[in-house]
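Input: a single structure, listed below in structure tokens.
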Amino acid sequence: MAEESSNPAPPPADPPADGGEEGAAVSKKAAKKAEAKAKKEAEKARRAAEREAAAGAAGQGGQAEDLAKDNYGKETHETVLSPEAADINLKSIGEEHVGKVVVLRAWIQNVRMQGAKMAFVELREEGSWDIQGVVAASPEGTPVSRQMVKWVGSIHPESFVVVEATVQKPLDPVKSCRVANYELHIFKFFVHAAAPGMLGMTLAAANRPVANFSDEEPSVEKAVEDLNIAAAPGETAGIPAASMLTHLNNIVMHKRAPVQQAIADVRAEVKDLFRSYLKSHGFKEFEPPCLIGAASEGGADVFTLPYFGKEACLAQSPQFYKQIEIAGGRKRVFSIGPVFRAEQSNTPRHMTEFTGLDIEMEIKKDYKEVIFMLEGVLLHIFRGIKERCADEIELIRSVYPSEDFLLPEPGKEVRLTFAEAQKLLREEGPEEYRNVSDDEDMSTPQEKALGALIRKKFHTDFYVIDKFPEGARPFYAKLDPSNPKVTNAIDAFIRGQEVLSGGQRINDPEELKARIRQKGIDPASPGIKEYVHVFEQAGVPSHGGGGIGLDRVVAWLLNLPSVHLAAYYPRTPRRLLP
Ligand code: ATP
């Protein structure tokens, strides 16, 4: 045995002087005893050597060499990963990876030391995709030493790291990680970019529902309270929620929160579904300008800015430009882009910049073609999101609870006229709406009450209201030829909140000028004159379209408390940063 050869037993003791059988027996016994003693000594020496090495590895005494020193530390240009190790994505990890050496680049979400020889780490790659990693010191001190384990324990959460590991199946599923059926046995560990010791907002806090959306700077007490949310990462219970202001002041952690990433993913899918549906229905995409010479929707809600000695405006909608496209011979167009409103509306529904999803199309026979198209694209989005984003919706619901979004059965879409909707409110709505009028626009609480009524009565969270009173629509809305008190204009609602306005536009220049005058506007005023001229230049076919607020669709579909959560960088009267 190795111990015996490296620690040879001492020679047997001399035989006793009197000799004889008894003497021989005694000397045999003594030899055996000596041999056993020698073995024990050798084992003791071996263990002592091992202890010494371990103590050195743990930095006690600092004598022993760290045999794993090349396997951890700050990543540099000299860092070497095994050429055979494949880069892995947590989303696609599977049985085929078990036993294989892989490389993962991820954020440290949590580190837990298990004595001096082992550390458990949670590594998050994107969204909520995380996995458990085990870093265990090897008896030989390499590839993982105790020093390395200790160093791993000192890495700050949210540092970006690169690890090389073997994929293994844990004894029991790892409940705390999304990738529960596999774990990484890590033997190389490098920090690519370190996070500070104290985060402005922990991931756990960032993943809690936003506490309030006020843009007011919080009091000192409130700010301190918000800062105190820096609890242990990964912990959810007992972590106070932060305000939107704290979230935006810590924009990186806000964005890293799995709930925000899921919202962003849903948003991207909504855009994609909008675009693909319209393209498949013959619509062409175009880009309207943001910088324009006069207010596009009139009124005071326009941002102005200096423009080479003159004044320019930021477009309040692509309305006129969509119509110019139709006048210019395009049959069906759509645009996706920023819309600016200088409204002092500090509500969960408003921002000063939002993303408009706009369409405009030629009408062949009836303006209902426009309603069906707008309804069709929204239903396509809702059904597509349910199908494509089931995981994201589940994750978002765990933070912002919501009831299932009810959709109408195909062919049973709910379309009410404004007058029918008001009648429903008068007859079946809350007491305060007993006298609502058919000529006045609805208030927001009224719209919400109607949404609840329609959900109960028709089992849908999506519906269209048509024939808005003429006073509630802009000058370009076409009046109903058979009842000029109302317009061929619609709004669409989800969960009782407006997400779309649209309808038929006036295409006859004389009719248009008359409506402009009726609204108390001079048809020769800047911006309006040029608009009217579009219809005077050549014959323009009947047309209509609509504008959908992307941020609102995302927010109300997911039942978020504010549209600000659906935007990447919400802009409000007080907020221009980040
Ligand atoms: P509201 O009455 O709620 O202020 P609006 O009638 O002014 O909205 P439109 O001008 O018809 O809205 O705009 C079309 C769509 O754009 C709306 O249905 C909504 O989804 C979205 N939208 C309008 N204003 C805002 C805003 N300030 N912030 C976010 N989205 C908006």
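Each value in this text was obtained by applying a stated rule to the coordinates, not by laboratory testing. This one's a predicted model, so the numbers in the text were calculated from it and none came from an experiment. Please note: Cβ atoms are built from the backbone with ideal geometry, for glycine as well, and neighbour counts cover all protein chains shown.
Values computed for the structure shown
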{"read-out": "Residue within the stretch 470-477 that is closer than 30 Å to ALA295 by Cα, free of Cβ contacts under 8 Å to residues at least 60 places away in the same chain, in contact with a Lys or Arg (Cβ under 7 Å, 6 or more places away or on another chain) and among the hydroxyl-bearing types (Ser, Thr, Tyr) present", "value": "no"}
{"read-out": "Residue match in the stretch 319-329 (condition: more than 17 Å from GLU498 (Cα to Cα) and in contact with a Cys (Cβ under 6 Å, 6 or more places away or on another chain))", "value": "no"}
{"read-out": "Sole residue being surrounded by fewer than 24 Cβ atoms within 10 Å (Cβ to Cβ) and either within 13 Å of the ligand (Cβ to nearest atom) or farther than 30 Å from PRO258 by Cβ (or both), chosen from ALA567, ALA555", "value": "ALA567"}
{"read-out": "Pair list, Cβ < 7 Å and 6+ apart or interchain, from the stretch 554-578 residues that are on the phi > 0 side of the Ramachandran plot to residues that are not β-branched (Val, Ile, Thr)", "value": "ASN559/TYR400; ASN559/SER402; ASN559/ARG495"}
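So that you can scan it fast, the table gives a plain yes or no per residue for (1) free of Cβ contacts under 8 Å to residues at least 24 places away in the same chain; (2) small (Gly, Ala, Ser); (3) within 16 Å of the ligand (Cβ to nearest atom):
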site	(1), (2), (3)
LEU357	no, no, yes
MET361	no, no, no
VAL370	no, no, yes
ILE381	no, no, yes
ALA390	yes, yes, no
GLU394	yes, no, no
ASP404	yes, no, no
